[in-house]
Every structure is written in C-alpha cells, then in structure tokens.
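A quick write-up on the structure given underneath.
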Amino acid sequence: MKHQRSTAQWREMDAAHHLHPFTDTASLNEQGVRMITHADGIYLWDSEGNKILDGMAGLWCVNIGYGRKDLPEVAKRQMEELAYYNTFFKTSHPAVVELSHLLAEVAPKGFDHVFYTNSGSESVDTMIRMVRRYWDVKGKPEKKTLIGRWNGYHGSTIGGASLGGMSYMHEQGDLPIPGIVHVQQPWHYKYGKGMSADEFGKLAASWVEDKILEVGADKVAAFVGEPIQGAGGVIIPPATYWPEVERICRKYDILLVADEVICGFGRTGHWFGHQQFGFTPDIFTTAKGLSSGYMPIGAVFVNNEVAATLAAGGDFNHGFTYSGHPVAAAVAHANVKALRDEGIVAAVHEDTGPYMQKRWREAFSRFEHVDDVRGVGLIQAFTLVKDKASQTLFDNWGEIGLMCRDIFFKHGLIMRACGDHIVSAPPLIISKDQIDELIATAVKCMEIFEQQLK
Ligand code: PLP
C-alpha cells in the first residue's frame, strides 16, 4: 500500500495526538515512535522499509501469522451481510452461533458454553462478576474473595489489574480493589532454591491453601492463575503445582479459573494451557489467539455446572454492546477452524514446538549471564543473571533486560523483556527454518550483549 506521509510526519502527528498504552510519553517522543506499516507470515515491515522478525506474535496474539487472505474476505462478507447486531434481548445471529458451536468442539469435554467479550481484560472482569454471581445463586453470597498471584497479569481494567499481581500497576489508582488477594508466584528459580521441582510445586501450591485458610474458605470464591505466567516472564510451574492447586480448590469448594488469554488456542501445543498441565478449571478466560488478533474478541468458557447455575439465577446483568460482534465472531470462526483444520496446533505439539525447545536450550544455555532456559510449545524464555553459579539476579530488576531487548530490536528481532526474563512467543505458523533464523539472530545479539556487559 502506498502511504501519503513520511515517517517524520507520522511521528509528529503521533506525538501530537496519540496516548500510548504502557508508555512513558516523554521518552517515546524523544526517541520517535516506530511505525509498523505491513506484515506477512512472521515478519513485519516498518515505514523505513526494515524487515523485522516478530518473535512475539504482536502481543502474543497473532497465532495464525500475518497476512492471511481468507480472514479479510470473511470480514468483508460478514460486514456486507450483517455488520452489527447485538446478542441482548433474546436475539442472536448466525456468525456467533457458528463460532459457539465450533468453540464447544475444540474445548475440553464439559465446556459447552461461552460468553463473549472484546478483550482479555473484559474476559477477566466478566469472570470476576460470574464467579461472584455463581456463589450468590448457590446461596453463599459471602464467598466473594478472589485469589490471584503476584507477578500474574490479567489485564488493565480495574478488575483485571487488581487480580493481576503487578505492583507497578497497583501503584496507580489505588489497586487492588477490595475482595482480591494474592499469593506468591510458582517461580522455582527464585523461591525454590535447593528444592526439587516436584517439592517446590507442592510448596507453591500450599501457599494457595494458606491463603484460603487465612481468608476463610467460606469467603473465597475462586483461585485464578495463568497456566504459564506470560507477561510475568514465562514462569512455568513445576508439574506438581497445578494438580495440587486443583486438589486444594476442590477440598475447600473454591472455583478454579485458568486465564488462558496467552496460553489458549495452541500456544503450548495444546488447545488450552490447562491441558498441558493436567488440570481442569471450572472457568477459563480467552482472547488473543481466538481471532489471532485479526479482530478484537474474547470469550469466557464455563463448564456445564457453572453454566447451569448461572442460568438458574435468571438474569445475569452483564454484557457489552459488542459481545459476540458478527464480524469479530465470523473472523474468529475462520481463524479457529484454520488453526484446527490446517493442523497448526497439532504442528506446535508434534513438530515445531519440540524443535524450538531443543534449539532454544542448546543455543542459550552456554551464555555466561543466561540461566533457567525454559519453554513449552512456542512460548519460551530465559533469565539474565549476574552470577549463574550462585543463581544471583542482577540488581535493579529489569534494567539489564531492557538493554538486551534493545539489542534484539536493533537487529530486526522482536523479543520481549519482562523484567530480566527474555521472552519469545512467535506466530504458531513459524517453520523450522524460521526458528533457526530467530535463534541465529538472537544468539548474535546475546554475544553483543555479553560483550557490552564486560
Ligand atoms: N490475561 C492475560 C493472561 C494476558 O496475558 C492479557 C494480556 O496480555 C490479558 C489478560 C489482557 O488482555 P487484553 O490486553 O486483551 O485486555
């Protein structure tokens, strides 16, 4: 596409009018914004003509890759036929019905119902209202408290930001709101020194039980966690963690919620992250990979018991103008169908995922300042450390991570620094050759990074 303006003009206009999310405006405007103009497969191009390998699938969302020709066609057709109608007041439309049917097919058995939102944050806030409503209907209105985790990320709305455990978010706007408490994250490297993974997984799960007992089981509505903490830096819990958390939730009659906004739709090589870890939540929240970012849409999956309870309660007074938006639903349907029918999720499980994990560990374990090299499917990370032998992290958490991330950017590779965790989650359509390319560039960057540290 030919553009009318130069990069300099865009930068000026952006600085003049656009407030960016999670951004220090002064520093952005000093540096000048990077303009991304088009994309194809796993690559982006900026307005200066630079080709960039997107090792983050946008914000962990473009599972199907950029530049699909079928999805815009579906959107166009749907817009022409029925651009908008709502799903309030006993109405529906074919696009949302077809999507719901397909989602029940790809979801684990027993999850036959979904509620639509426009984003991950809205899915999380919807879930918060749902679990509280669930206990009201069950005749236990005092069960209101939700337990989240420190360093968890559940979005930017007031509910999502409260449930998340990012202290830099809580600091702005008096969060968390009442009725939300947190337990420590299951980060073995930091909190389980000297313990086996299995022991630490059980210990971290016991923190959930401690919190339940502290609050009082009769007051706790739900425990909520990402199967893998994504924005927190790809914190992968030991295998013993989730089954033990599930056992504890069942013991105290507490709903178990998986936030699958990142893990859902194939990221781990399973359709949903909880399948990777062998537990069954009562509710799971999704967005991102549901449409691979081609349209804004999210969905909250509830098991049949939760669905029946909510239905027994009569009106659930919650919903969005765009819940089940026809164009978003049609595009999500085409996306999920392609993820399934083109074998994209299966390939992550059987082929590209294992290949990435092998190459990732081989490539980065040898670096002096890299430790805890980890990943599953196509979500992976390592941690930058001051001293590997004593497992000592750098002072000023996050500073060195940003320095490293900027080297990747300079070399045409997008990876993310979550503190000093360096993270990658490319589109799920990445080929083995492209995995080699991603890793070769990243290795070159890490060599430069370690030189700069000397
Ligand atoms: N939950 C998780 C696990 C996420 O990773 C995110 C976003 O990264 C969200 C919720 C919020 O999603 P959104 O940015 O679409 O509101």
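Nothing in this text is a laboratory measurement; each read-out follows from the coordinates by a stated rule. The structure presented is a predicted model; accordingly, all values stated were derived computationally and were not measured. With ideal geometry, Cβ positions are generated from the backbone for all residues, glycine too; neighbour counts draw on all protein chains shown.
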Calculated log₁₀ intensity ratio I(q)/I(0) where the Debye formula runs over C-alpha points of the chain, q = 0.11, 0.13 Å⁻¹: -0.91, -1.28
Cα Rg, Dmax (largest Cα-Cα span) when computed across the range 1-110, Å: 19.4, 54
Overall form of the range 226-380 per C-alpha gyration tensor (a/c, 1.5; a/b vs b/c): oblate
Whole-number D in µm²/s for the range 224-294 (Stokes-Einstein; Kirkwood sum over Cα pairs; 37 °C, 0.692 mPa s): 267 µm²/s
Cα-based convex hull volume of the range 356-409 per residue, rounded to whole Å³: 87 Å³
The range 301-454 - Kirkwood radius from inverse mean 1/r over Cα pairs (Å): 18.4 Å
Using θ = phi - 60° and Karplus 6.51 cos²θ - 1.76 cosθ + 1.60, couplings along the range 338-350 (whole Hz; Gly, Pro as x): 5, 4, 7, 6, 8, x, 6, 5, 4, 5, 4, 5, 9
Cα-centred dipole magnitude for the range 336-454, charges only on beta-carbon of K, R (+1) and D, E (-1), debye, nearest 20: 80 debye
Selection from Gly264, Val306, Pro326 lying farthest towards where the dipole of the range 241-368 points positive, charges on Cβ: Gly264
Ordering of 330-340, 13-23 by packing [mean C-beta count within 10 Å, highest first]: 330-340, 13-23
Modelled FRET efficiency - R0 25 Å, Trp397 with Asn50, Cβ distances, 0.05 increments: 0.25
P(r) of the range 304-361 over all Cα-Cα pairs, binned every 10 Å from zero, in whole percent: 18, 22, 27, 22, 10, 1
Viscosity 1.002 mPa s, 20 °C: Kirkwood-radius Stokes-Einstein D of the range 393-446 over Cα pairs, µm²/s: 183 µm²/s
Label-reachable residues, the range 32-53, where backbone N falls under 20 Å from a point 7 Å from Ala8's Cα toward its Cβ: 32-37, 46-50
Compactness of the range 147-197 - radius of gyration and Dmax, Cα, Å: 12.6, 39
Cubic angstrom per residue, convex hull over Cα atoms of the range 128-228: 106 Å³
